[in-house]
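Down below is the structure, laid out as structure tokens.
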Amino acid sequence: MPLTVSTFALLRIALPLLLVMTACGSAPVEEVASVPTPTATTEAIPASEPAESQVTTSSGSLFPEGIDADHDTDMVALTMPPTSGEWPDRGLTPSGPVDWGDEIDPEWFITGLLDYPLEWVGDTSYNAGFSTHVAVWPWQEVHAGPRFAGGLPGTWMSTFDADHGYSTIEGGVGIGSGNRWPSQGGKFTMGAVSAEFAQWANGPGAGGGLEGDVYWEDWRWDIPQGKYGIAQLSPHVLFPPDGLNMAADSNGQFLGYGYHPLPIIDARTTTGPYGEIDTGNQSWTLFMNTANFSGPVAFILPDFYSYPAVHVDEVAAGLGLADGGFTQSPYLDTVGSFQNQQFANELWEIPAVQAVDANGTPYVKTTRTQFPANGGDADSSIILQNISAYQRSALWDSTEAWFAGGDSPRGELAAASTVVKTFEQWDLANEYLGWMLIPEGVEDGDFEYRIDWTTLVKVDVSDPHTFRYRWNLDLVERVHGNFVLPEYFRLDDDPTASFGKVWTPILEPDVPAETGLVEHVFEELNQPQYNTNPFETPAEPDSPWQSPGPASETFQVALGDGSVVEYAWYRFVDQPAMRHHHFTDEEREAIQQRVELIHRQWTPDRSYLAGPSVGELVSLDDGVLVTPPSGMEIGYVPIATRQALAGE
């Protein structure tokens, strides 16, 4: 998502936690037994309507006519990147030039977005989630240490109307400061966010919130918040709390993943200190397509989204609960997804150092950043392909009928209910690529000079469903199956750029000796994270982890990141997330029966998401693929109870 005044501070907190990289009202929806079409402020625009039906906002973004995009700033931020090639106007005055100093300054970094703009889909019936195939590769030639954090391409899936608080499904594959044991192959987190970041959930037993675990430092259970927001669904994949590991040697293969709601949990009333609200029946389910696993993995409990409405004062007040306002949750538990969410790489921090030459010209050296050489030719990287949006008839309708006694669907999201989106072609590389080089401590309004990408790369979307970079091999080095970007940059005047200057990529011979940058060594390369404490779970006998507790002994598995995960098998409805939400016995048995149907019929040898058009599928780390004990093949799931560095 573009960095705006309203989101910049939250992203400084949330991105390391979500490991990615990483916010509009409608009338209450009374029908909760299906995925309702969101209520727009204007009539939806048919996909065939001409370009005159779009308007240009003050930030240069295109939106359907009738949307007040200049004032609806959350919609602008969530859906469309700026087409002008500049950061969205924050309405701030720069505080002044940077004090460059005369010695090497180690407190610099690269941050920003790489955008993958898509043509507008006008049909709002495509409101039942998305999928894509995203390249997985190590961002850095050598892991850049505990400061580095970056997400591979992902998205921010929200409802069409988000005036009731920023609430999404984010996540994706990344390597970041939120990982205690980072892997060059990357780790996947689900990144569910409830209203106004009240809580977030990254996987079964993994999450936090602004009230408790803001930085995950202590892994607190006295204020669990998002740790119980996601239920394990697959009996074949173990989801560690530090993220779901891709194979450690992943480099340019494609991970297929996406979300579609399933009616696993019935609608119910959620009660809290600020009242009660009707929670919908949409369990947003993560599907994956990899070389060694295919199928549903886990889902977000509907109560996760409605929770802030009755537990967070500001959210409850905004919904007017005390005054007879909303009775139905306006979040993803009830309302369908917006069909035009943005896709981008959200980069938190690539370490850098800065110095000046004898003339006072600033130069920067960064750690070595790379992109995969997976395009099947000499100069290209394929980053994303086949971004799709779904109607509820893709799988919801047939699953709902199945749970009511009908025939079993195969589990594949139906092609007839899918739209494959088209990438937009923009004029200049800088319009897609928004990385800045800035010092630590930068504030909104300070000079934020962007990197000039035009000499490095061109964007190729000649295949409209595939996003490809074509690299300038005079500046970009091809090394070991990757394209390594220049590690040196010079600040040059450019009257067309933000704040009048850009960072120009240069090669080592162009770096003045007096800067000392060529000799500089980044001392934190391959260094461990600041926090490598084990992930522990409650041992108290009355906790959801122990009452009624696991149905098996504890097992151990070693992962490619150097950690060891302890896990046990729980009956599905007895896993901690399900017990924490206090379902009645009748509710639990209905849910258990549905999950057992899924376990019997939706096996990992089937196809669920359409495969990639080009390239190979990535593999999950072999350690996360598990086999249920005898007698627990149906209706039981593996739950991680501890994760620690081997030997601890």
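Taking the simple approach of a point 7 Å from Cα along Cα-to-Cβ for both residue 401 and residue 585, what is their distance in nm?
3.5
What list of ³J(HN,Hα) couplings, whole Hz, do you get for segment 308-317 from phi and the Karplus terms 6.51, -1.76, 1.60, once you set θ to phi - 60° and write x for glycine and proline?
Going residue by residue, I get x, 4, 10, 10, 10, 3, 5, 5, 4, 5 Hz, with x marking Gly and Pro.
Mind listing the long-range amide H neighbours of residue 283? Cut-off is under 5 Å, sequence gap 5 or more, other chains count too, H placed in the peptide plane at 1.01 Å from N.
So residue 283 has HN proximity to 262, 264, 265.
Using a 1.4 Å probe on the protein chains only, how many percent of the accessible area of segment 377-426 belongs to carbon and sulfur?
With neighbouring chains kept in place, the figure for segment 377-426 is 48 percent.
Counting only protein heavy atoms and using a 1.4 Å probe, what share of the accessible area of segment 542-648 belongs to carbon plus sulfur, as a whole percent?
44
I need the shape label for segment 255-320. Rule: rounded when a/c is under 1.5, else prolate if a/b > b/c, else oblate, with a, b, c from the alpha carbon gyration tensor.
Details: a/c = 4.19, a/b = 2.63, b/c = 1.60.
Prolate.
What is the Cα centroid distance between segment 479-520 and segment 147-175, reported in whole angstrom?
30
Dividing the convex hull volume of the Cα atoms of segment 175-331 by its residue count, what figure in Å³ per residue is obtained?
113
Would you mind getting the Kirkwood hydrodynamic radius of segment 377-426 from its Cα pairs, rounded to one decimal in Å?
So the Kirkwood estimate lands at 13.4 Å.
With all protein chains present, how much of the accessible area of segment 250-336 (probe radius 1.4 Å) comes from carbon and sulfur, to the nearest whole percent? Show your work: numbers first, answer last.
Numbers: 1000 of 2190 Å².
Whole-percent figure for carbon plus sulfur exposure: 46.
Consider a paramagnetic label point 7 Å from the Cα of residue 440 along Cα→Cβ; state which residues of segment 334-355 have an amide N under 12 Å from it.
351-353
Among the listed pairs 187/227; 458/501; 187/501, which have their C-alpha atoms separated by more than 24 angstrom in this model?
Over 24 Å Cα-Cα: 187/501.
Quick one: if you stick a label point 7 Å off each Cα along the C-beta vector at residue 428 and residue 455, how many nm between them?
1.4
Tell me, what is the per residue accessible area of segment 518-579 in Å², probe radius 1.4 Å?
Accessible area per residue: 51 Å².
Please state, as a whole number in µm²/s, the translational diffusion coefficient that the Stokes-Einstein equation yields for segment 143-206 at 37 °C and 0.692 mPa s, with Rh defined as the Kirkwood radius across alpha carbon pairs.
Translational diffusion coefficient: 257 µm²/s.
The values are calculated or read from the model by the stated rules, or taken from the named source; none is laboratory data. This is a predicted model, so every value here is computed, not measured. Glycine gets a Cβ as well: all are built from the backbone with ideal geometry, and neighbour counts include every protein chain shown. Each accessible area value is taken on the protein alone, full model and side chains, heavy atoms only, with ligands, DNA and RNA left out. Shrake-Rupley method; radii C 1.70, N 1.55, O 1.52, S 1.80 Å.
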